[in-house]
Amino acid sequence: EISNNLRLIKRMTRKPVCVGFGISSAEQVARISMAADGVIVGSAIVKVIEKNIGKKDLVKKVGSFVKTLSAKL
């Protein structure tokens, strides 16, 4: 369904089409990136920050999460 909608949208514009509502896993990134020009995962990153706030390895945890997601692109 999303792929079909993205194809329709891409026919209407020459701009890049990005998707970013509710994406929080590497599997979702892999699926969406097949049809979209970009994948937005802002809220998922915020959740990792909130979960690790005050911990010494906060930056490492966020970096690891982003690396996991970007590996599926």
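Give me the residue from the range 46-69 that is in a helix (DSSP H, G or I) and either of a type in the set (Val, Ile, Thr) or modelled with pLDDT under 95 (or both) and, out of that set, surrounded by the most Cβ atoms within 10 Å (Cβ to Cβ). Here the answer is Val48. Count of the range 50-69 residues, restricted to those that are free of Cβ contacts under 8 Å to residues at least 40 places away in the same chain and either aliphatic (A, V, I, L, M) or closer than 20 Å to Val19 by Cα (or both), is 7.
Listed by first and then second residue, the pairs with beta-carbon distance under 7 Å, at least 6 apart or on different chains, first residue in the range 30-49 and within 19 Å of Val62 (Cβ to Cβ), second outside any helix (DSSP H, G or I) and among the small types (Gly, Ala, Ser), are Val39/Gly20; Ile40/Gly20; Val41/Gly20; Val41/Ser24; Gly42/Gly20; Ala44/Ser24. Looking across the range 18-38, the residues that are in a loop (DSSP other than H, G, I, E, B) and surrounded by fewer than 16 Cβ atoms within 10 Å (Cβ to Cβ) come down to Gly20, Phe21, Gly22, Ser24, Ser25, Met34, Asp37. The residues listed here are Ser43, Ser3; of these, the one that is assigned to a helix (DSSP H, G or I), in contact with a Lys or Arg (Cβ under 9 Å, 6 or more places away or on another chain) and more than 14 Å from Lys72 (Cβ to Cβ) is Ser3.
The values are calculated or read from the model by the stated rules, or taken from the named source; none is laboratory data. Quick caveat: nothing in here was measured; it's all calculated off a predicted structure. Note that we place each Cβ from the backbone using ideal geometry, even for glycine, and neighbour counts take in every protein chain shown.
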